[in-house]
1. Could you list, ordered by first residue, the pairs with Cβ atoms under 9 Å in which the first is in region 11-26 and under 17 Å from Lys54 (Cα atoms) and the second is in a loop (DSSP other than H, G, I, E, B) and not β-branched (Val, Ile, Thr), at least 6 apart or interchain?
2. Looking only at region 9-30, decide whether some residue is open to solvent by 80 Å² or more (accessible area, probe 1.4 Å), among the small types (Gly, Ala, Ser), assigned to a loop (DSSP other than H, G, I, E, B) and more than 20 Å from Glu71 (Cβ to Cβ).
3. Specify which of the listed residues (Tyr68, Tyr51) is assigned to a helix (DSSP H, G or I) and loosely packed, with under 15 Cβ neighbours inside 10 Å.
Amino acid sequence: MAYADYDFYTTSYFGSVVPETDFPRLSEKASDFIDTMTFDRLVGGLPANEYSQKRIKKVVCSLAELMYQIELAEKN
């Protein structure tokens, strides 16, 4: 389950690097990476604290952008 959606990416994170068509796939990969790094502590859902939710979603967006840029670099 991806922790951030494209709407959050564009309106709260103010991202513009990842196209809408690629964001679901990359946010899913980013969320999986976060699950690995946190030993699945978020699998039950995001924390109730709104500040913590926003921080997690921002990390997903940041990782999605990095993954997208890496994919572009590998294609070239």
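1. Here the result reads Ser12/Ala4; Tyr13/Ala4, each pair linking region 11-26 to a residue that is in a loop (DSSP other than H, G, I, E, B) and not β-branched (Val, Ile, Thr).
2. Within region 9-30, not a single residue is open to solvent by 80 Å² or more (accessible area, probe 1.4 Å), among the small types (Gly, Ala, Ser), assigned to a loop (DSSP other than H, G, I, E, B) and more than 20 Å from Glu71 (Cβ to Cβ).
3. Tyr51
The values are calculated or read from the model by the stated rules, or taken from the named source; none is laboratory data. None of these values were measured; they are calculated from a predicted model. Cβ: placed from backbone, ideal geometry, glycine included. Neighbour counts: every protein chain shown. Note: accessible area is taken over every heavy atom of the protein model, side chains too, but ligands, DNA and RNA are not part of it. Shrake-Rupley method; radii C 1.70, N 1.55, O 1.52, S 1.80 Å.
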